[in-house]
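Visitor: Here it is, the structure, as structure tokens.
The values are calculated or read from the model by the stated rules, or taken from the named source; none is laboratory data. Because the structure is predicted, anything quoted here is derived from the model rather than measured. All Cβ positions, even for glycine, are placed from backbone atoms using ideal geometry, and neighbour counts span all protein chains on display.
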Amino acid sequence: MPSERTVEQRLQRLEDIAAVRQLKHTYAKLMDAGLCHENKAWPDDRFLALFADDAIWESNVHGRHEGREALRALFAGWAARITFAKHHTIAPSIDIAPSGAEASGHWYTWETITADGQPIWLAATYNDDFVKRDRRWLIKHVRSNIQFRSPYHQGWAAEAPLPQMGA
Amino acid sequence: MASLEDRVQLLEDIEAIRRLKIKYARLCDTGYDGTKLAALFTEDAVWDGGKEFGVQNGRGAIKAMFDDMSNDLTFALHYMIGHTIDVDPSGTSAKAHWYLWEPMTYQGRAILNAITYDDEHRKVDGEWLFSRMALTFHFLTPYEDGWVKTRMVTDG
């Protein structure tokens with residue numbers, strides 16, 4: 001950190017990093033709880049409230065979905081097929097913009113999923129953007145680069161590499 | 001009692017060391033660029049891969065090892081987990097411990113690798129670097145075998 005920053009500004013940055021990390025891990029927690037629930041009504045408003053109104057969710061496999069209603073439809077499609085999910089969301093690298101109102105973050109995720117009744121390994125990285133609005137951090141843009149999606153009994157070596165999106 | 005500034009500095013140092021390890025992971029997972037990886041180590045650093053993968057002394061040897069890494073190791077994801085980081089009271093050196101969960105493809109074969117790291121760090125010109133990275137392999141097993149049948153594929 002440049003020494004001209006005050007101690008309070010330096011502390012604010014550390015608090016923002018912690019808040020963004022917790023936001024992403026809440027995203028994983030609520031998604032897994034929703035997808036695993038027997039009588040699921042997911043995505044619910046509590047989950048969608050983690051996103052900015054104009055948020056984007058995109059991946060190299062699922063395409064690009066913009067706006068809260070598009071996200072609702074995307075996630076409802078997953079809920080119809082996925083009966084179990086654990087997003088082990090690991091190793092955050094979070095950068096807070098000098099403005100203190102925007103941030104970006106990179107994570108790894110190791111997912112165990114049951115989709116259409118079949119056990120799946122899913123490995124991905126995230127390059128996400130965040131905004132702070134009304135003193136609260138929100139998800140602005142999720143970019144999920146799926147590295148492999150492999151049937152449990154097969155493993156990942158047989159799969160062709162998936163094309164990766166830039167940050 | 002440490003001053004508020006010293007306490008903030010400690011948290012910043014821990015965050016910087018944590019980020020350094022994840023930067024190492026991401027460089028490994030995007031093609032093992034030897035030059036960029038070696039820049040994360042001090043000039044006199046040691047990379048200790050134990051009896052399985054040998055010891056590299058110095059930044060040049062570490063660069064050469066990483067430059068050759070992706071010949072057979074065509075895919076890897078380094079999931080760096082469960083860090084404990086202790087910064088020396090001097091604020092210029094630190095020790096860290098990490099778990100690694102690493103699915104990889106080696107010579108076309110799916111492999112699961114479980115490692116713990118004992119790392120040492122020095123702060124050089126305001127930047128945290130690795131001065132030592134020591135790996136302990138707990139299993140390195142073909143995916144279809146699992147770790148009871150084949151603990152270390154290098155033994156076979």
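Visitor: Collect the residues in region B:29-50 that are more than 14 Å from B:Leu73 (Cβ to Cβ), more than 12 Å from the chain's Cα centre (by Cα), free of Cβ contacts under 8 Å to residues at least 60 places away in the same chain and not in a strand (DSSP E or B), keeping them in residue-number order.
Guide: B:Thr35, B:Lys36, B:Ala39
Visitor: Sort through B:Asp13, B:Asp33, B:Asp48 and tell me the only one that's surrounded by 18 or more Cβ atoms within 10 Å (Cβ to Cβ) and either more than 9 Å from chain A (Cβ to nearest Cβ) or among the aliphatic types (A, V, I, L, M) (or both).
Guide: Criteria check complete, one pass: B:Asp13.
Visitor: Could you identify the single residue in B:Arg26, B:Arg7, B:Arg18 that is within 12 Å of the chain's Cα centre (by Cα), surrounded by fewer than 19 Cβ atoms within 10 Å (Cβ to Cβ) and either within 10 Å of chain A (Cβ to nearest Cβ) or in a helix (DSSP H, G or I) (or both)?
Guide: After applying the criteria, what remains is B:Arg26.
Visitor: Against the definition (of a type outside the set (Lys, Arg) and closer than 30 Å to B:Glu5 by Cβ), how does A:His62 come out, yes or no? Spell out how you get there, then give the answer.
Guide: Details: of a type outside the set (Lys, Arg): yes; closer than 30 Å to B:Glu5 by Cβ: no.
Considered against the rule, which asks whether it is of a type outside the set (Lys, Arg) and closer than 30 Å to B:Glu5 by Cβ, A:His62 comes out as no.
Visitor: With the structure loaded, tell me whether B:Val87 is within 14 Å of the chain's Cα centre (by Cα), surrounded by 13 or more Cβ atoms within 10 Å (Cβ to Cβ) and away from chain A (no Cβ under 13 Å) or whether it fails that test.
Guide: no
Visitor: I need the full set of residues from region A:139-167 which are crowded, with 17+ Cβ neighbours inside 10 Å and either more than 9 Å from every other protein chain (Cβ to nearest Cβ) or assigned to a loop (DSSP other than H, G, I, E, B) (or both), in order please. Before you say what the answer is, go through the steps one by one.
Guide: Pass one, region A:139-167, residues crowded, with 17+ Cβ neighbours inside 10 Å: A:139-150, A:155-157.
Once the filter is applied, which keeps residues that are crowded, with 17+ Cβ neighbours inside 10 Å and either more than 9 Å from every other protein chain (Cβ to nearest Cβ) or assigned to a loop (DSSP other than H, G, I, E, B) (or both), region A:139-167 yields A:Ile139, A:Lys140, A:His141, A:Val142, A:Arg143, A:Ser144, A:Asn145, A:Ile146, A:Arg149, A:Gly155, A:Trp156, A:Ala157.
Visitor: Hey, another quick one. Looking at A:Ser59 and the list (1) surrounded by 17 or more Cβ atoms within 10 Å (Cβ to Cβ); (2) modelled with pLDDT under 95, which single condition is not satisfied?
Guide: That leaves (2) as the condition not met.
Visitor: A follow-up question, please. Which one of B:Met80, B:Met69 is of a type in the set (A, V, I, L, M), within 19 Å of B:Asp48 (Cβ to Cβ) and facing another protein chain (nearest Cβ under 9 Å)?
Guide: Numbers: B:Met69 fails: facing another protein chain (nearest Cβ under 9 Å).
Being of a type in the set (A, V, I, L, M), within 19 Å of B:Asp48 (Cβ to Cβ) and facing another protein chain (nearest Cβ under 9 Å) holds for just one of B:Met80, B:Met69, which is B:Met80.
Visitor: Filter region B:51-65 down to the residues that are free of Cβ contacts under 8 Å to residues at least 24 places away in the same chain and either in contact with a strand residue (DSSP E or B) (Cβ under 7 Å, 6 or more places away or on another chain) or within 14 Å of chain A (Cβ to nearest Cβ) (or both) and list them by number.
Guide: Those that are free of Cβ contacts under 8 Å to residues at least 24 places away in the same chain and either in contact with a strand residue (DSSP E or B) (Cβ under 7 Å, 6 or more places away or on another chain) or within 14 Å of chain A (Cβ to nearest Cβ) (or both): B:Val55, B:Gln56, B:Asn57, B:Gly58, B:Arg59.
Visitor: Please verify whether A:Ala115 is under 25 Å from B:Met104 (Cα atoms) and within 9 Å of chain B (Cβ to nearest Cβ), treating the condition exactly as stated.
Guide: Working: under 25 Å from B:Met104 (Cα atoms): yes; within 9 Å of chain B (Cβ to nearest Cβ): no.
Judged against the criteria, A:Ala115 is not a match.
Visitor: Would you pick out the residues in region A:78-96 that are outside any strand (DSSP E or B) and either within 14 Å of chain B (Cβ to nearest Cβ) or closer than 24 Å to A:Ala160 by Cβ (or both)? Write out each step before concluding.
Guide: Within region A:78-96, the first condition is being outside any strand (DSSP E or B), and the residues that meet it are A:78-81.
Across region A:78-96, the qualifying residues are A:Trp78, A:Arg81.
Visitor: Can you name every residue in region B:107-156 that is surrounded by 17 or more Cβ atoms within 10 Å (Cβ to Cβ), in contact with a His (Cβ under 8 Å, 6 or more places away or on another chain) and closer than 14 Å to B:His97 by Cα?
Guide: Those that are surrounded by 17 or more Cβ atoms within 10 Å (Cβ to Cβ), in contact with a His (Cβ under 8 Å, 6 or more places away or on another chain) and closer than 14 Å to B:His97 by Cα: B:Ile115, B:Tyr117, B:Asp119, B:Phe130, B:Ser131.
Visitor: Return the residues of region A:53-76 that are assigned to a strand (DSSP E or B) and either without any contact (Cβ under 8 Å) to a residue 12 or more places away in the chain or within 15 Å of A:Arg143 (Cα to Cα) (or both); say none if nothing qualifies.
Guide: Listed by number, the residues that qualify are A:Asp54, A:Ala55, A:Ile56, A:Trp57, A:Glu58, A:Ser59, A:Gly63, A:Arg64, A:His65, A:Glu66.
Visitor: Still on this model: Does A:Asp129 count as free of Cβ contacts under 8 Å to residues at least 40 places away in the same chain, touching a strand residue (DSSP E or B) at 6+ places or on another chain (Cβ under 9 Å) and farther than 16 Å from A:Met31 by Cβ?
Guide: Answer is yes for this residue.
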